[in-house]
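Asker: Okay, handing you the structure first.
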Amino acid sequence: MKKKKYYASSIPEAMKLVRAELGEDAVILNSKVVVTKKFFGIIKKKSFEVVAGIDSMEPSNTAPAPAALPITKENARLLEITNAVQAKIHQPQHPVVLHEESGISEELRKEITDLKALMQSMHKKTTQAQYPDELLPFIEYLRQQELNEELITTIGDELFMHFREASEINFSQCKMITKNLLRKELENLSVGGLSYEKKYINVLGPTGVGKTTTIAKMAARAVLEKKKKIGFITTDTYRIAAIEQLKTYAGLLQAPVEIAYNATDFEQAIQRLSHLDLVFIDTAGRNYKEVKYVDDLQRLIKFDDQAESFLVLAMTTKEKDMTNIVDQFKQLPIEKFIFTKIDETNSIGTMINLMIKYNKGLAYYTNGQEVPEDIEEADLEVVLNLIFQGEEK
């Protein structure tokens with residue numbers, strides 16, 4: 001192989017030099033940032049060193065480097081970002097403004113984000129290329145269900161092993177293999193509704209996810225199916241409509257309602273409802289980005305061994321926003337998730353992703369506004385089947 005080093009002010013410029021001399025068949029073997037100093041180190045100049053090569057016509061015992069990249073615009077951008085990130089990590093040239101939480105400069109953070117996005121894009125294309133055509137429709141189906149790429153890769157590799165051994169595979173077999181893999185990921189998580197072993201039920205979550213309606217559904221089932229005596233406490237004093245809505249549900253269930261404006265009110269409400277089997281606590285649905293909101297909850301509500309707490313998330317919310325919500329509530333002892341509005345989405349992969357990522361079980365999911373009908377107690381097999389509820393065979 002014929003090899004040569006090229007120096008330029010940027011990766012694209014270096015690529016032009018390589019292409020001009022070695023042609024389109026050349027590959028990049030290595031690249032790095034080079035900093036030269038002049039005038040006793042006062043002036044520093046940054047450039048890029050690229051080692052490129054091309055197979056010569058003559059026989060050679062030298063094998064091409066396994067990490068060689070074809071010369072494409074996409075790979076040029078990848079190398080440019082990678083080298084820029086490495087340069088800033090190892091050779092900072094100028095004072096930088098650090099992010100308060102992590103100590104990473106904002107400029108470096110952006111470049112890392114760009115690098116991740118580009119690598120994910122390349123990974124997706126690589127994933128599509130590494131599987132036979134027979135598997136691609138199913139892989140795409142999983143992607144439409146919004147399972148994360150790591151899970152999809154794991155499933156795809158297992159499907160490919162089966163395909164290689166049997167030389168054929170149908171949708172039903174793909175579905176079975178996928179469910180088996182996901183079952184192993186989820187089987188150690190707690191799945192199911194109220195334990196009925198704890199008196200206080202804390203229902204938490206951001207605004208607009210349907211907490212009050214979900215509480216009414218849970219409470220109605222406790223009364224109608226388990227014959228429990230129940231009551232309600234609401235701390236959602238920011239919305240009059242929420243209080244009136246809860247009072248309406250409580251009236252239908254002939255259950256008392258207490259309103260807590262502060263910690264003293266909450267303690268008095270607990271005492272007045274102490275004779276009941278279950279007390280459902282409806283919390284304020286404020287902006288989850290406000291750290292003060294979670295701190296207020298900790299001061300107002302008791303999270304002890306007599307309470308179990310559920311975090312309500314809407315399936316119509318973007319996964320990135322859901323992740324931010326869970327992170328905001330992570331200081332609270334959340335036992336399980338409750339997912340609402342499942343009837344308003346065509347994909348449930350986010351539900352699986354969050355359960356695995358945060359090692360949290362699932363209590364219920366809701367699929368409509370009717371009380372108490374439109375709520376389902378979570379069952380692992382049913383949840384796995386939900387992934388394929390819209391399948392096209």
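Asker: Can you tell me the dipole magnitude for the range 218-343 around its Cα centre, using point charges on the Cβ only (Lys, Arg +1; Asp, Glu -1), in Debye to the nearest 20?
Answerer: Magnitude of the dipole: close to 260 debye.
Asker: Ok, one more. For the range 147-306, what is the accessible area per residue in Å² when the probe is 1.4 Å?
Answerer: 51 Å²
Asker: Sticking with this one: Let me cross-check Ser172: its accessible surface, 1.4 Å probe, with only protein heavy atoms counted, in Å² to the nearest 10?
Answerer: My reading of the accessible area for Ser172 is about 70 Å².
Asker: To the nearest 20 Debye, how big is the dipole of the range 172-260 about its Cα centre, given +1 on the beta carbon of each Lys and Arg and -1 on that of each Asp and Glu? Don't jump to the answer; show the numbers that get you there.
Answerer: On the way: 15 positive and 7 negative charges, 66 e Å.
Roughly 320 debye for the range 172-260.
Asker: By accessible area of protein heavy atoms, probe 1.4 Å, what ranking do Lys330, Lys4, Lys336 get, highest first?
Answerer: Lys330, Lys4, Lys336
Asker: If you take the C-alpha gyration tensor of the range 256-354, multiply each eigenvalue by 5 and take the square root, what semi-axes do you get, largest first, in whole Å?
Answerer: Equivalent ellipsoid of the range 256-354: 28, 16, 12 Å, largest first.
Asker: So for the pair Lys4, Glu335, with labels modelled 7 Å out along Cα→Cβ, what separation do we get in nm?
Answerer: Between Lys4 and Glu335, the simple spin-label model gives 7.1 nm.
Asker: Tell me, what HN-Hα J-couplings in whole Hz come from the Karplus equation 6.51 cos²θ - 1.76 cosθ + 1.60 at θ = phi - 60° for each residue of the range 246-258, using x for Gly and Pro?
Answerer: Going residue by residue, I get 5, 4, 5, 5, 5, x, 5, 9, 6, 10, x, 10, 10 Hz, with x marking Gly and Pro.
Asker: Let me ask you something else. Can you bin the range 186-233 into rounded, prolate or oblate? Criterion: square roots of the alpha carbon gyration tensor eigenvalues sorted a ≥ b ≥ c, rounded for a/c under 1.5, prolate for a/b above b/c, oblate for the rest.
Answerer: Oblate shape, in that a/c is at least 1.5 and b/c is the bigger or equal ratio.
Asker: Search the structure for amide H atoms under 5 Å from the amide H of Tyr364, placed 1.01 Å from N in the peptide plane, and list their residues when 5 or more places away or on another chain.
Answerer: Long-range HN contacts for Tyr364: Phe339, Ala378.
Asker: Counting only the heavy atoms of the protein chains, how much of Arg272 is accessible to a 1.4 Å probe, in Å² to the nearest 10?
Answerer: Probe radius 1.4 Å; accessible area of Arg272 about 120 Å².
Asker: Could I ask something else about it? So if I take the alpha carbon set of the range 131-242, get Rg, then get Rh from the Kirkwood formula, what is the Rg over Rh ratio?
Answerer: When Rh is taken as the Kirkwood radius, the ratio is 1.20.
Asker: Please tell me which of these pairs span more than 30 angstrom C-alpha to C-alpha: Lys198/Lys247; Lys292/Lys336; Lys2/Lys32; Lys175/Lys217; Lys199/Lys330; Lys32/Lys320?
Answerer: Listed pairs above 30 Å: Lys175/Lys217; Lys32/Lys320.
Asker: Which value in nm describes the separation of the simple spin-label points at Ser167 and Asp277, placed 7 Å from the Cα toward the beta carbon?
Answerer: 6.2 nm
Asker: Just name one of Leu380, Thr317, Gly368: the one whose Cα is farthest towards the positive end of the charge dipole of the range 311-393 (beta-carbon charges, Lys/Arg +1, Asp/Glu -1).
Answerer: Positive-most Cα among the choices belongs to Thr317.
Asker: In whole Å, how far is the Cα centre of the range 132-156 from that of the range 17-32?
Answerer: Here the answer is 34 Å between Cα centres.
The values are calculated or read from the model by the stated rules, or taken from the named source; none is laboratory data. In this text the structure is predicted, and so the values were computed from the model without any measurement. Glycine also receives a Cβ, built like all others from the backbone with ideal geometry; neighbour counts cover every protein chain displayed. Quick note on the areas: whole protein, heavy atoms, side chains included, nothing else; ligands and nucleic acids left out. Shrake-Rupley method; radii C 1.70, N 1.55, O 1.52, S 1.80 Å.
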